[in-house]
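A.B. asks: Below is one structure. I have some questions about it.
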Amino acid sequence: MKIAVIGSINRDYTAQVKKLPEKGETVIASNYNISLGGKGANQAVAAKRLGADVYMIGAVGNFDNGEDIVKKLKEEGIDISGILYTDEVTGNAMITIDESGFNTIVVYPGANSKLDSFWIERHSKIIEEADFVILQLEIPLETVETAVKLSKKYNVKVILNPAPACQLPDDLYRYIDIITPNEVELAHLTGTTDVKKGAMKLVEKGVKKVIVTLGEKGSYYTDGYEEIFSEAISVNSIDSTAAGDSFNAALAVALGEDMDIKSTLRFANIVGALTTTKIGAQDSLPYREEVEKLRIKLGE
Ligand code: ADP
């Protein structure tokens, strides 16, 4: 199964602190590391580790060793022929995580903002040959629109992870097969904090399926007719970074393997939960083997 991920590639600068700083406060970190991140790159690596053939379309900086980051993607086994090298710095994220695993993140898009529609059209073959295209919102919205519409032209299924929260043009919804907001993003898109009502609003706008990730509560699905609430898997969570990213990758992988929707949600919940048991973004993305082990343990 082929998955094309179109999205951000970042360097993550992660500091671990006892307590997140208040406005104007300085706190001392107990640990610090630099790693590959960005919702796009995270979802690409997650999908690859779960067993898919993955093609990444994204952008990095030319003059700040962006190729080091691309090398990491290549080492994971991801096809990197769709990577654009730009004169901007590679996108970066400053992440702070407290003792209970809560985080704050500041992102500077850098090269990600240079990923344009022209580049997408130039790499339309990657989209055409994919079974699923996964997108997020850390690249220009116009680029997302082009990619979504191109995917539909080729009849390729589109999963849009509307993160970080931002308003979407009304005419985009009907091209989306699955939209995957978390509760905050859903409220932003629909103006309601009621998950069921919010999800219904997205269906009414034309999205075929809505899956809301609910953190430690699990996930909620509706296509306007059927509703499924899939309970979270109980694990020892220490860092929720990239849980949403691995969840999205897992959705595509499970659907690509023809799992029914209930099993798909369960599979994605397991992958999301496992991601919270380790610190970091890429470091915490589980391999298929670990997922299958937990599935067996859970009696699946
Ligand atoms: P995001 O990172 O995009 O905000 P969520 O926090 O909703 O996304 O997490 C995505 C998925 O990961 C959830 O739907 C759930 O399946 C799983 N998950 C997240 N946090 C936990 C947790 N504390 N315990 C178990 N599963 C979790």
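A.B. asks: With 25 Å as the cut-off, how large is the P(r) tail for the range 27-144, expressed as percent of Cα-Cα pairs?
C.D. replies: For the range 27-144, the share of Cα pairs beyond 25 Å comes to 25 percent.
A.B. asks: Rounded to the nearest 20 Debye, what is the dipole magnitude of the range 2-297 about its Cα centre when Lys and Arg each give +1 and Asp and Glu each give -1 at the C-beta?
C.D. replies: 380 debye
A.B. asks: Sort THR264, THR192 by heavy-atom solvent-accessible area, probe 1.4 angstrom, most to least.
C.D. replies: Largest to smallest exposure gives the sequence THR192, THR264.
A.B. asks: Out of all DSSP beta bridges with both ends in the chain, state the antiparallel percent to the nearest 5.
C.D. replies: On the way: 22 of 53 bridges.
Close to 40 percent.
A.B. asks: Where the convex hull is taken over the Cα atoms of the chain, what is its projected area averaged over directions, in nm²?
C.D. replies: In nm², the orientation-averaged hull projection of the chain is 14.8.
A.B. asks: If you don't mind, there's one more thing I want to ask. Does anything in the range 211-242 have its amide N under 17 Å from the 7 Å Cα→Cβ label point of ASP260, and if so which residues?
C.D. replies: What the label zone holds, given the 17 Å backbone N cut-off, is 221-223, 225-231.
A.B. asks: Then there is this: Give me the net charge of LYS297's neighbourhood, meaning all other residues with Cβ under 14 Å from the Cβ of LYS297; Lys, Arg count +1, Asp, Glu -1. If you can, show how the numbers build up before the last one.
C.D. replies: Values: positive: ARG266, LYS293, ARG295; negative: GLU289, GLU290, GLU292, GLU300.
Overall, the nearby charge balance is -1.
A.B. asks: So, one more: With a 10 Å cut-off between alpha carbons and a GNM built on the chain, which of GLY61, GLY51, GLY244 moves the most?
C.D. replies: GLY51
A.B. asks: Additional query: In Å², what does the accessible area per residue of the chain work out to with a 1.4 Å probe?
C.D. replies: Solvent-accessible surface per residue comes out at 45 Å².
A.B. asks: How many Å³ per residue does the convex hull of the Cα positions in the range 145-265 occupy?
C.D. replies: Per-residue hull volume (Cα only) is 108 Å³.
A.B. asks: Just add up the charged neighbours of ASP223: K/R +1, D/E -1, any other residue whose Cβ is under 15 Å from the Cβ of ASP223.
C.D. replies: Taking every other residue near ASP223 into account, the sum is +3.
A.B. asks: Once the dipole of the chain is set up with Lys and Arg at +1 and Asp and Glu at -1 on Cβ about the Cα centre, which of ILE261, GLY77, GLY24 lies farthest towards its positive end?
C.D. replies: The Cα lying farthest towards the positive end belongs to ILE261.
A.B. asks: In the range 1-98, what trypsin sites (Lys or Arg not before Pro) fall in a loop by DSSP, with at most 15 other Cβ atoms inside 10 Å?
C.D. replies: Listed in order of number, the matching sites are LYS18, LYS19, LYS23.
A.B. asks: While we're here: At most 12 other C-beta atoms within 10 Å and a DSSP loop state: those are the exposed chymotrypsin sites (Phe, Trp or Tyr not before Pro) I care about. Give me the longest piece of the chain that has none.
C.D. replies: It runs 103-224.
A.B. asks: Among the GluC sites (Glu not before Pro) within the range 217-259, which fall in a DSSP loop and have no more than 10 other Cβ atoms within 10 Å of their own Cβ?
C.D. replies: Values: sites: GLU226, GLU227, GLU231, GLU257; in loops: GLU226, GLU257.
Qualifying residues, ordered by number: GLU226.
A.B. asks: Would you mind checking which residues have amide H under 5 Å from ASN182's amide H? H placed 1.01 Å from N; only 5 or more apart, or other chain.
C.D. replies: Counting only residues 5 or more places away or on other chains, the set is THR213.
A.B. asks: Per residue of the range 114-126, what does 6.51 cos²θ - 1.76 cosθ + 1.60 with θ = phi - 60° give for ³J(HN,Hα)? Whole Hz please, x for Gly and Pro, Karplus curve as stated.
C.D. replies: So the J values, rounded to whole Hz, are 9, 6, 10, 4, 4, 5, 5, 5, 5, 10, 5, 4, 4.
A.B. asks: For the range 171-226 and the range 1-60, what is the separation of their Cα centres, given in Å?
C.D. replies: 24 Å
A.B. asks: I want to check the label-to-label distance for ASP131 and ILE105. Put each point 7 Å from Cα in the C-beta direction and report it in nm to one decimal.
C.D. replies: 2.6 nm
A.B. asks: Can you give the accessible area of ILE238, probe radius 1.4 Å, in Å² rounded to 10?
C.D. replies: Accessible area of ILE238: about 70 Å².
A.B. asks: Roughly how many nanometres apart are two label points built 7 Å out from the Cα toward the Cβ at LYS278 and LYS149?
C.D. replies: Simple spin-label model gives 4.0 nm for this pair.
A.B. asks: Once you have the Cα-Cα distance between ASP194 and SER81, take 0.36 nm times their residue separation minus that, and quote the gain in nm to one decimal.
C.D. replies: Extra length available between ASP194 and SER81 comes to 36.5 nm.
A.B. asks: Would you list GLU25, GLU185 from the most to the least accessible area, probe 1.4 Å?
C.D. replies: Final ranking, largest accessible area leading: GLU25, GLU185.
A.B. asks: Also: Can you give me the long-range amide H partners of ILE176? Hydrogens built in the peptide plane at 1.01 Å from N, cutoff under 5 Å, separation of 5 or more residues or another chain.
C.D. replies: The answer is LYS208.
A.B. asks: For LYS205, list the lysines whose Cα falls under 21 Å from its own Cα; do not include residues on the same chain fewer than 8 positions away.
C.D. replies: Excluding near neighbours in sequence, the set is LYS149, LYS152, LYS153, LYS157, LYS196, LYS197.
A.B. asks: Kindly provide the GluC sites (Glu not before Pro) of the range 79-158 that DSSP labels as loop, not H, G, I, E or B, and whose Cβ sees at most 12 other Cβ atoms within 10 Å.
C.D. replies: In loop regions of the range 79-158 (DSSP not H, G, I, E or B), the sparsely surrounded GluC sites (Glu not before Pro) are GLU99.
A.B. asks: What does the charge add up to near LYS153, with Lys and Arg as +1, Asp and Glu as -1, over the other residues with Cβ less than 12 Å from its Cβ?
C.D. replies: 0
A.B. asks: Which percent of the accessible heavy-atom area of the chain goes to carbon and sulfur, probe 1.4 angstrom?
C.D. replies: 50 percent
The values are calculated or read from the model by the stated rules, or taken from the named source; none is laboratory data. None of the values given here were measured: they were computed from a predicted structure. Counting neighbours? That spans all protein chains shown, and the Cβs are built from the backbone with ideal geometry, glycine included. Remember, those area values only see protein heavy atoms, side chains included, never the ligands or the DNA or RNA. Shrake-Rupley method; radii C 1.70, N 1.55, O 1.52, S 1.80 Å.
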